[in-house]
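A.B. asks: This is the structure I want to talk about, given as structure tokens.
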Ligand code: ADP
Ligand code: ZN
């Protein structure tokens, strides 16, 4: 068999193309030089050393601190017919001997080792092996600057120095500039070239939902999970108690779920993790401890039940979804109380200022009204030139309006309460609440009492937080979260400065966003019946072999099979992720199942705005598009409005009469340029549909 890197990629791993940087890294390694590989989780780091390992005529040592991951990786390699083994504290002494003999006889291409085991044997049998490459995974563990320092890693430098002519490769998904330099020094890399790939994970959709009360949050999560039955997901909670509560709730609704936290025994945790990896448990509700050591490629969604402490952690956690590159969803819930709680925690601890700073960045992200992926990536030093189209803000772009009057009402409330009260009291006063505390404090006598009755509680909250983000109000966490007016805020109050606000948009649950742009043309044409049958077959084989299902074939491969319906060897080999070995081992069984379906016509369904646009361009009416796509007409109108806002050729004026636009304009003006749909809907006696209101507003705001 040919053994150039590209031939190996195709024949052994079943992939057609290298991902960016993989080939360069492989070539540099084959030339005997050191490399530093910085790629996001799921970016394809392993391939960078696995292919050179197959090219070299000796053994490749892979150092990793994650013992459970080693076993998975070795299983996955073996499934592709590659001779791989691992050597760590989890194997029995008698097995050790067998691994050592195989290594000595040259029967192992890749040997995964924990750093402590490597150090223990580095001057004994390891020295006698024909080592051609050393890959150090999770290389950030060597740096005290990182977040996961492991002292054993610092001893790897001596090992490096004992093999001066062997190429070393350091790999990690997290290292900022200072950590990078440190890692190079600590590992003794020589003229290592740095390879950084984009950290943009386009297949992950990003959604944030703020200020959702607990009951509703549980309800929403349950509905979300229900839509994704049979798919794996992780819910991250802050406290152990929460993990148990949420798991309990979901179990009560018939979901396959388990919780996972540091209060459980190692054995229990291992069990939970294994069941998840083998798809026996679909949902894990965990504290952040979960997920570090697992390499499950088909996690389809991640939910944060609370605000994470920083963007680094958040990005790493959502990154556990969709490692196979298929569309996956992430959703973050947060409440101001999470923020207040953490700020207080941070106050006591080490590095308080830095931690609070990171927390503020996290909150800013959660409250942002512009493309979230842009914000996230720019935090990591990468700058997107256009909006992503795959986050909630892109899907539901906020509408701006003149919020000066609203801001003045809020600010004057704060001033009249002598800057002593927090958000809740302020809203109660603005809305003229009959709450006893309001009366007891005498606030019902204030001039501002009840001036904001027409705005809902939730919306007031949103506006006030916007005012805080714009620097008009400061939330004093050290004083029971009392609101203070900043110098800019005073200017606004005096009428010297106007304020722009955006309409709070909380997408309705039934319109839950669907990911838009995808590398693989995804669920659109996947035949669900074939897919289900293929999954069953895969589970059966996985069980028999006692390996995780994705070791047999990834979800991505199965999906492609159910789209392409391969029934010959050549067709089967053309599926991404099918190499020679898997073809030989499983090809017949899978093709047999597929053949049964070959004549069945495929249903079509796809959830993108762009599809609406396509149909629109073909001349279909919104009603026809809605019928064809099995969506609400309102949704189609909202797609069209968005396309219009984005500058696409959509003639909105065709769908909404001048008469209606004028009615909406009047209501809009009467309501103080309110851009929320509901008040306008009510104001117009529920006679004008939400879709028409949405389109009219789009026209009005664009100056029509
Ligand atoms: P990382 O170690 O960076 O987290 P992995 O090495 O586990 O990522 O790769 C993630 C997934 O991408 C794996 O399923 C792997 O097989 C797949 N992959 C890697 N390289 C390619 C490629 N060139 N084409 C298609 N899939 C790839
Ligand atoms: Zn976006």
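A.B. asks: Could you give the Stokes-Einstein D for the chain in µm² per second, using the C-alpha Kirkwood radius, 4 °C, 1.567 mPa s?
C.D. replies: 46
A.B. asks: While we're on this one: Please work out the FRET efficiency for the pair residue 337 and residue 357, using the Cβ-Cβ distance as r and a Förster radius of 22 Å; give the result to the nearest 0.05.
C.D. replies: Working: r = 20 Å, r/R0 = 0.91.
With R0 = 22 Å, the Cβ-Cβ based efficiency is 0.65.
A.B. asks: Quick one: compute the contact order of region 5-196, relative version, from alpha carbon pairs under 8 angstrom and 6+ residues apart, as a percent.
C.D. replies: Values: 314 pairs, mean separation 57.7, N = 192.
Relative contact order, region 5-196: 30 percent.
A.B. asks: Right, something else. Quick check: residue separation of residue 264 and residue 419 times 0.36 nm, minus the Cα distance between them. What number comes out in nm?
C.D. replies: Details: separation 155, 0.36 × 155 = 55.80 nm, distance 4.56 nm.
Result for the pair: 51.2 nm of gain on full extension.
A.B. asks: Which shape class, rounded, prolate or oblate, goes with region 135-200 when its Cα gyration tensor gives a ≥ b ≥ c as root eigenvalues, a/c under 1.5 marks rounded, and past that a/b bigger than b/c marks prolate?
C.D. replies: oblate
A.B. asks: Taking a ≥ b ≥ c as the square roots of the eigenvalues of the Cα gyration tensor of region 1-85, is the shape rounded (a/c under 1.5), prolate (a/b larger than b/c) or oblate?
C.D. replies: Working: a/c = 1.33, a/b = 1.12, b/c = 1.18.
It comes out rounded by the Cα gyration axes.
A.B. asks: Which translational diffusion coefficient, to the nearest whole µm²/s, is obtained for region 150-273 from the Stokes-Einstein equation, given a Kirkwood hydrodynamic radius over C-alpha pairs, 25 °C and 0.890 mPa s?
C.D. replies: 128
A.B. asks: Round to a whole angstrom and tell me the spacing of the C-alpha centers of region 26-93 and region 580-597.
C.D. replies: 28
A.B. asks: Let me know the volume per residue of the alpha-carbon convex hull for region 204-395, in Å³.
C.D. replies: 126
A.B. asks: So, one more: Can you tell me how much longer the chain between residue 219 and residue 444 gets when fully stretched, taken as 0.36 nm per residue apart minus their C-alpha distance, in nm with one decimal?
C.D. replies: Working: separation 225, 0.36 × 225 = 81.00 nm, distance 3.56 nm.
Full-extension gain reported as 77.4 nm.
A.B. asks: While we're looking at this one, here's another question. Could you sort 636-643, 383-390 so that the peptide with the highest average Cβ count within 10 Å comes first and the rest follow in order?
C.D. replies: The peptides rank, most packed first, as 636-643, 383-390.
A.B. asks: Could you tell me how many degrees, from 0 to 90 and to the nearest 10, lie between the Cα long axis of helix 457-469 and the main elongation axis, the longest principal axis, of the Cα atoms of the chain?
C.D. replies: Its long axis makes an angle of about 70 degrees.
A.B. asks: On to the next question. With each pseudo-label sitting 7 Å past Cα toward Cβ, what's the residue 387-residue 33 distance in nm, one decimal?
C.D. replies: Each label point lies 7 Å from its Cα, and together they span 4.3 nm.
A.B. asks: May I ask what percent, to the nearest 5, of DSSP beta bridges between residues of the chain are antiparallel?
C.D. replies: Percent antiparallel among DSSP bridges in the chain is about 10.
A.B. asks: In degrees from 0 to 90, rounded to the nearest 10, what is the angle of the helix 67-79 Cα long axis to the longest principal axis of the chain?
C.D. replies: 70
A.B. asks: Taking 35 Å as R0, compute the FRET efficiency from the Cβ-Cβ separation of residue 627 and residue 669 and round it to 0.05.
C.D. replies: With R0 = 35 Å, the Cβ-Cβ based efficiency is 0.50.
A.B. asks: Additional query: Relative to the longest principal axis of the C-alpha atoms of the chain, give the angle of the C-alpha long axis of helix 93-104, reported between 0 and 90° and rounded to the nearest 10°.
C.D. replies: Value to nearest ten degrees: 70.
A.B. asks: Calculate the spin-label point distance for residue 239 paired with residue 678, positioning each point 7 Å from the Cα along the beta-carbon direction, and give it in nanometres.
C.D. replies: Computed distance between label sites residue 678 and residue 239 equals 2.9 nm.
A.B. asks: Could you tell me which of rounded, prolate or oblate describes region 284-413, using a ≥ b ≥ c as the square roots of the eigenvalues of the alpha-carbon gyration tensor, with rounded for a/c under 1.5 and, failing that, prolate when a/b is larger than b/c and oblate otherwise?
C.D. replies: The shape class here is oblate.
A.B. asks: Hey, how many Å between the Cα centroid of region 315-344 and the Cα centroid of region 126-189?
C.D. replies: Going from one Cα centre to the other spans 30 Å.
A.B. asks: Viscosity 1.002 mPa s, temperature 20 °C: what is the translational diffusion coefficient of region 528-701 from Stokes-Einstein with a Kirkwood Rh over Cα pairs, rounded to a whole number of µm²/s? Walk me through the numbers on the way to the answer.
C.D. replies: On the way: Rh = 19.8 Å.
Rounded to a whole number, D works out at 108 µm²/s.
A.B. asks: Taking the Cβ-Cβ separation of residue 585 and residue 3 as r and a Förster radius of 25 Å, what is the calculated FRET efficiency to the nearest 0.05?
C.D. replies: So, using R0 = 25 Å, E works out to roughly 0.75.
A.B. asks: Counting pairs of alpha carbon atoms under 8 Å apart in space and at least six apart in sequence, what relative contact order in percent does region 204-395 give?
C.D. replies: Over region 204-395, the number comes to 26 percent.
A.B. asks: While we're on this one: Please give the length that would be gained between residue 618 and residue 704 if that part of the chain were fully extended, namely 0.36 nm times their separation in residues minus their C-alpha to C-alpha distance (nm, one decimal). Can you show the working numbers first?
C.D. replies: Values: separation 86, 0.36 × 86 = 30.96 nm, distance 2.56 nm.
Length gained, residue 618 through residue 704: 28.4 nm.
A.B. asks: Over region 159-260, what is the relative contact order in percent, taking alpha-carbon pairs closer than 8 angstrom and at least six residues apart?
C.D. replies: RCO, region 159-260: 17 percent.
Each value in this text was obtained by applying a stated rule to the coordinates, not by laboratory testing. Quick caveat, the model's predicted, so the values are computed rather than measured. Every residue, glycine as well, gets a Cβ built from its backbone with ideal geometry; the counts of neighbours run over all protein chains shown.
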